[in-house]
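The values are calculated or read from the model by the stated rules, or taken from the named source; none is laboratory data. What you see is a predicted model, and the numbers here were worked out from it, not measured in a lab. Cβ atoms come from the backbone with ideal geometry, glycine included; neighbour counts cover every protein chain shown.
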């Protein structure tokens, strides 16, 4: 489905979104011309209307219209402060890449930087025992979904990681703990346990990334 069709359908439903709490799917709109019915879903409530694309256990917002009153937690709208300055100790070139990637995908660059530090300490050649690669430690299947053709290319990897982070924030409605847990253990594990999985590694990961992120927030 072409993005212009998604935008057109979303705008068509926006007026209805303000009126009530009904939900719509793309299958309800014949003009959407879906090639794969069910792969794109349009939802709305009193606060927003969003077109989602699904990939396994995650969903990605193709386009979203939100009320300014929408609140995310636990760090509120700071999650989407895309013009923030990266204060984590990273090489200037990597910090600049993170700034650009975060702005393009609508996430806070300080959060992306905190993940990059925890994942690989900024090492573009890093490979984990499970096969995750590069600065943002993307798994091969995730990298393919994100359109990353060379996981060891720093720019592709960082932009892919920022997009994946935004997708997880979309999937878990802005809940930072769940998004970080999904980044580490996979969204399926978060869905299975209905929260942060009881894995020591994942719990330590969430705590470490949040601590680094909070430290950067405090230094602004």
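Quick test for you: out of 129, 186, pick the one residue that is surrounded by fewer than 18 Cβ atoms within 10 Å (Cβ to Cβ) and more than 15 Å from residue 105 (Cβ to Cβ).
One residue alone meets the criteria, 129.
Check every one of the helices (runs of 4 or more DSSP H) wholly within the stretch 93-172 and list those with 3 or more residues that are touching a residue at least 24 places away in the same chain (Cβ under 8 Å) and in contact with a strand residue (DSSP E or B) (Cβ under 6 Å, 6 or more places away or on another chain).
Filter on the stretch 93-172 gives 154-171.
Does residue 79 satisfy the criteria of being buried (at least 17 other Cβ atoms within 10 Å of the Cβ), under 16 Å from residue 215 (Cα atoms) and modelled with pLDDT of 70 or more?
Judged against the criteria, residue 79 is not a match.
Do you know which residues across the stretch 180-201 are in a loop (DSSP other than H, G, I, E, B) and under 18 Å from residue 128 (Cβ atoms)?
Passing the criteria: 186, 197, 199.
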